[in-house]
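The values are calculated or read from the model by the stated rules, or taken from the named source; none is laboratory data. All figures in this text were calculated on a predicted structure; none of them were measured in a lab. We place every Cβ from the backbone using ideal geometry, glycine too, and count neighbours over all the protein chains shown. Keep in mind that these areas ignore ligands, DNA and RNA; they rest on the heavy atoms of the full protein, side chains included. Shrake-Rupley method; radii C 1.70, N 1.55, O 1.52, S 1.80 Å.
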Amino acid sequence: MKSYDVVIIGAGVVGAAIARELSRYKLSIAILEKEEEPAFGVSKSNSGIIHPGTQNPAHSLKGKLCVQGNLLIRKVSQELGLDFKEIGELIVAFNEEEISRLQELKREAEILGVPKVKLVDKNWLRVNEPNLNSQAIAALYAPTAGIISPYRLVYALCENALKNGVEMYTNTKAENIIRNDDYFEVHTPKGIFKAKYIINATGLFADEVSKMAGISDFRIRPRKGEEFILDKKRENVTNHLIFPLPSKISKGVLIIKTADGNPMVGPTAEDVEDKEDVSTTEEGCRKIFDLARKLVPFINESDVIAYFAGLRPVALKDGLRPAGEDFIIRYEDDVPGFINVAGIQSPGLTASPAIALMVCDILKNKGLALIKKDAFYSERKKPLHLFSIPFSETKKLIEQDADYGDIVCRCELVSAKEIKDAILSGATTLDGIKFRTRAQAGRCHGSFCTTRLMKIVSEQTGKPLTEITKRGKGSEIVKGTVYS
Ligand SMILES: Cc1cc2nc3c(=O)[nH]c(=O)nc-3n(C[C@H](O)[C@H](O)[C@H](O)COP(=O)(O)OP(=O)(O)OC[C@H]3O[C@@H](n4cnc5c(N)ncnc54)[C@H](O)[C@@H]3O)c2cc1C
């Protein structure tokens with residue numbers, strides 16, 4: 001039985017951010033993840049927006065943590081070599097009634113402390129967002145909105161936490177939790193993990209894990225969001241993130257700029273029961289493009305190169321009533337040592353560094369000694385991506401290492417060296433490689449590079465080709481060898 005001060009269950013952005021934050025202190029920490037790699041849950045299927053905090057009720061916990069997270073993510077990105085881009089958002093109004101709604105949103109944002117929000121008029125919009133529907137008459141401008149690669153954020157947080165001593169166990173599902181006098185046992189297929197404190201950061205499954213510990217006053221109901229990714233040639237279709245007025249349950253269908261250049265439209269917001277249902281639909285596509293065209297008329301379905309759906313983990317109180325659509329982050333006094341971090345729907349990606357600080361505070365207030373380590377490695381070397389450097393630099397790199405000249409993914413310009421580096425940093429599946437390097441994320445979706453990628457993974461890890469998977473057990477790609 002392995003023994004830890006803290007066991008974090010779930011390696012999405014929330015678990016990863018908490019792990020990194022706690023790794024500053026003299027603690028033994030393990031993070032358990034049921035999937036083959038981190039970031040395979042909600043954290044891989046979202047819009048990648050670092051929200052400024054404009055569309056959260058004033059005084060909500062998620063609003064407060066969003067504003068803090070937006071500030072903190074800048075430092076985290078700098079330390080971990082991530083590309084965060086501050087591009088600003090516009091919430092657009094088409095009539096006078098909508099302008100008064102913008103004024104309300106502005107007031108709420110100011111109460112939450114969102115910096116520099118202002119109303120802009122039609123003339124401003126013509127100059128700064130020329131492709132916007134000419135019927136738009138005003139917008140709420142929040143310049144601190146930004147974009148980031150959501151999975152690269154998770155991988156960077158995990159890598160840095162591991163460098164600072166956290167132990168990570170993947171393919172390790174928490175199946176049961178037993179509370180003894182002053183410690184817990186987390187039962188998994190890989191054995192029992194003993195912990196003084198447990199942090200439940202399991203996204204869509206937070207209700208089930210909480211129940212294992214004896215707390216069952218909330219239920220997680222997924223809210224599906226379908227998103228459609230457009231060709232990079234449309235990269236500059238807008239200059240900002242474009243939002244309609246939000247509804248009670250969602251921010252509406254947006255025109256999104258992404259960290260990798262492809263614009264995206266979506267997401268829908270549909271309550272579903274199945275926690276594994278990430279299907280997309282023709283109806284969803286139609287709905288999204290109809291709404292997107294109201295914002296930017298020449299957005300077109302023919303530019304779609306890929307699509308996905310993500311599930312927002314919405315918490316329902318007593319299993320029935322919406323818990324105010326807010327996050328549930330609390331120490332469970334009835335089960336001392338157990339902390340729930342649940343209902344982390346949007347803006348959970350943005351809020352993650354602030355959630356991590358809040359969890360550290362809870363632990364400290366409940367008696368865990370947080371003593372700083374003599375050495376905490378805050379920095380991570382920025383991984384190199386050929387697609388983001390000038391050709392003159394690429395030439396120099398090839399002179400140093402010929403693998404940089406061996407282009408594996410032609411759509412996204414990813415070299416054999418980047419693939420090998422991704423494997424060295426922990427990728428074990430083809431999706432893990434895609435999320436880290438973008439190989440297979442272009443127009444051909446891996447038609448050209450999948451076999452080559454499999455060969456590289458096999459050579460680097462010693463795994464036979466039949467064991468190489470898309471995203472873990474059950475998603476093997478080839479069955480065996482055909483002899484002629
Ligand atoms: C369509 C959509 C768009 C969004 N857009 C944005 C956005 O633009 N900006 C923003 O800030 N937020 C956005 N969000 C919200 C954001 O994605 C989530 O808040 C965030 O990813 C939640 O992270 P998490 O770590 O709590 O959950 P997850 O990423 O799901 O992590 C939980 C992990 O726990 C693991 N797990 C579950 N059960 C167990 C178990 N029993 N044992 C071990 N491991 C287990 C899972 O496999 C998973 O890896 C969006 C969400 C959706 C769905």
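Among the DSSP beta bridges whose two residues both lie in the chain, what percent are antiparallel, rounded to the nearest 5?
75 percent
Any idea what log10 I(q)/I(0) is at q = 0.09, 0.10, 0.12 Å⁻¹ for the stretch 339-484, Debye with uniform C-alpha scatterers and no solvent?
Calculated log10 I(q)/I(0) at the listed q: -0.45, -0.54, -0.71.
First compute the accessible area of the chain with a 1.4 Å probe, then give the percent of it belonging to carbon and sulfur atoms.
Accessible surface attributable to carbon and sulfur in the chain totals 50 percent.
How about the stretch 1-100: which GluC sites (Glu not before Pro) there are in a DSSP loop, with at most 15 other Cβ atoms within 10 Å of their Cβ?
The qualifying sites: there are none.
Treating each Cα of the stretch 389-467 as an identical point scatterer and ignoring solvent, apply the Debye formula and state log10 I(q)/I(0) at q = 0.15 Å⁻¹.
One equal scatterer on each Cα of the stretch 389-467 leads to -0.49.
Can you tell me the Rg and the Dmax, both Å, for the Cα atoms in the stretch 1-62?
In order Rg, Dmax, the Cα atoms of the stretch 1-62 give 14.8, 47 Å.
Tell me the trypsin sites (Lys or Arg not before Pro) within the stretch 64-141 that lie in a loop according to DSSP and have at most 12 other beta-carbon atoms within 10 Å.
Sparse-neighbourhood loop trypsin sites (Lys or Arg not before Pro): 116.
Note the full-extension length gain between residue 379 and residue 211 as 0.36 nm times their separation in residues minus their Cα-Cα distance, in nm to one decimal.
56.8 nm
Take the alpha carbon atoms of the stretch 417-464, find their center, do the same for the stretch 232-294, and report the distance between the two centers in whole angstrom.
Each part reduced to its Cα centre gives a spacing of 28 Å.
How big is the chain along each principal axis, measuring the range of its Cα positions in Å and listing the largest first?
The Cα atoms of the chain stretch 65, 63, 44 Å along their principal axes.
Might you tell me the accessible area per residue for the stretch 1-382, computed with a 1.4 Å probe and given in Å²?
41 Å²
With the dipole of the chain worked out from charges on the C-beta (+1 for Lys and Arg, -1 for Asp and Glu) around the Cα centre, which of 398, 269, 289 lies farthest toward the positive end?
Going by the Cα projections, it comes out as 398.
With the cut-off at 29 Å, tell me which of the pairs 75/470; 64/470; 122/233; 232/473; 224/479; 26/473 have Cα atoms farther apart than that.
75/470; 64/470; 232/473; 224/479; 26/473
With charges only on Cβ, +1 for K and R and -1 for D and E, what is the dipole size of the stretch 72-166 about its Cα centre, in debye, rounded to 20?
Magnitude of the dipole: close to 300 debye.
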